[in-house]
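A.B. asks: Just dropping this structure here.
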Amino acid sequence: MSVERTLILIKPDGVKRRLSGEIFQRFEKKGLKLVALKMLQLNRQNAEKHYSVHKGKPFFDGLVSYITSGPIIAAILEGTNSISVTRILCGPTDGSKAPPGTIRGDFSMSIEKNIIHASDSQESYEHEFPLFFKESEIVETEYGDEKQIF
Ligand code: CMP
């Protein structure tokens, strides 16, 4: 068990469907801490870098077109085991197969328009977060409730 950071992106469908507040509420209620946040329009070059692990796959072009089609919200969440905890809250990639209670299970019917992206490993986080945040934009704060939560 270690304190980790993870990157999430609320995708254009999540933003346009006004689900951002509900999504952040779920992460905060679970006990994860928001340490960086911004809204942005991703350009094609950075989208291709972010999803470079999927380059060459049949869905790559559609994925890049989709993630650049409208504003997204990027955030960094911190907490013990935050990478796996965040992915459990998101649910499986395909919203039509994700169980209720998860973000994708409750709000998505699609593998592409699946509301949210979350880093799947420490290595992915290290690759992904610098595309969205400078180290100086990550805010270190003790809330004082860590002993109650973990
Ligand atoms: P995400 O967690 O953002 O990481 C990669 C994304 O690729 C994934 O969510 C899906 O939105 C998308 N993806 C994965 N597999 C497919 C697929 N078979 N068809 C279309 N999109 C896919």
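The values are calculated or read from the model by the stated rules, or taken from the named source; none is laboratory data. These numbers come from a predicted model, not from an experiment. Glycine gets a Cβ as well: all are built from the backbone with ideal geometry, and neighbour counts include every protein chain shown.
A.B. asks: Name the residues in region 105-127 that are under 19 Å from Phe59 (Cα atoms) and either buried (at least 20 other Cβ atoms within 10 Å of the Cβ) or among the aromatic types (Phe, Trp, Tyr) (or both), would you?
C.D. replies: Of everything in region 105-127, those that are under 19 Å from Phe59 (Cα atoms) and either buried (at least 20 other Cβ atoms within 10 Å of the Cβ) or among the aromatic types (Phe, Trp, Tyr) (or both) turn out to be Ser108, Asn114, Ile115, Ile116, His117, Ala118, Ser119.
Results for (1) surrounded by fewer than 12 Cβ atoms within 10 Å (Cβ to Cβ); (2) within 19 Å of Ile10 (Cβ to Cβ), shown as yes or no for each residue.
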position	(1), (2)
Ala36	no, yes
Gln45	yes, no
Phe60	no, no
Tyr66	no, yes
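A.B. asks: Next question. Mind listing whichever residues of region 58-113 are assigned to a loop (DSSP other than H, G, I, E, B) and within 11 Å of the ligand (Cβ to nearest atom)?
C.D. replies: Passing the criteria: Pro58, Phe59, Gly91, Pro92, Thr93, Asp94, Gly95, Ser108, Ser110, Ile111, Glu112, Lys113.
A.B. asks: Would you be able to say whether some residue in region 125-137 is under 12 Å from the mean Cα position of the chain (by Cα), among the small types (Gly, Ala, Ser), more than 13 Å from the ligand (Cβ to nearest atom) and more than 15 Å from Gly14 (Cα to Cα)?
C.D. replies: For region 125-137, residues under 12 Å from the mean Cα position of the chain (by Cα), among the small types (Gly, Ala, Ser), more than 13 Å from the ligand (Cβ to nearest atom) and more than 15 Å from Gly14 (Cα to Cα): absent.
A.B. asks: On the given criteria, is Asp106 within 27 Å of Phe150 (Cβ to Cβ) and without any contact (Cβ under 8 Å) to a residue 24 or more places away in the chain?
C.D. replies: yes
A.B. asks: Among what's in region 9-30 and is within 21 Å of Ile149 (Cα to Cα) and surrounded by 13 or more Cβ atoms within 10 Å (Cβ to Cβ), pick the residue that is nearest to the ligand (Cβ to nearest atom).
C.D. replies: Among those that are within 21 Å of Ile149 (Cα to Cα) and surrounded by 13 or more Cβ atoms within 10 Å (Cβ to Cβ), it is Ile23.
A.B. asks: I'd like the full set of residues that are surrounded by 12 or more Cβ atoms within 10 Å (Cβ to Cβ) and in a loop (DSSP other than H, G, I, E, B), limited to region 130-150.
C.D. replies: Scanning region 130-150 gives Phe132, Phe133, Ile138, Val139.
A.B. asks: Next question. Go through region 114-129 and give me each residue that's without any contact (Cβ under 8 Å) to a residue 40 or more places away in the chain and in a loop (DSSP other than H, G, I, E, B).
C.D. replies: Asp120, Ser121, listed by residue number.
A.B. asks: So the check is Cβ under 9 Å with 6+ separation or different chains; which pairs have a first residue in region 1-19 that's over 20 Å from Lys33 (Cα atoms) and of a type in the set (A, V, I, L, M, F, W, C) and a second one that's at pLDDT 95 or above and crowded, with 18+ Cβ neighbours inside 10 Å?
C.D. replies: Close Cβ pairs (under 9 Å, with a partner that is at pLDDT 95 or above and crowded, with 18+ Cβ neighbours inside 10 Å) amount to Val15/Ile72; Val15/Ile73.
A.B. asks: Just give me the residues in region 23-50 being touching a residue at least 40 places away in the same chain (Cβ under 8 Å) and in a helix (DSSP H, G or I), in sequence order.
C.D. replies: The answer is Ile23, Phe24, Arg26, Phe27, Lys30, Asn46, Lys49, His50.
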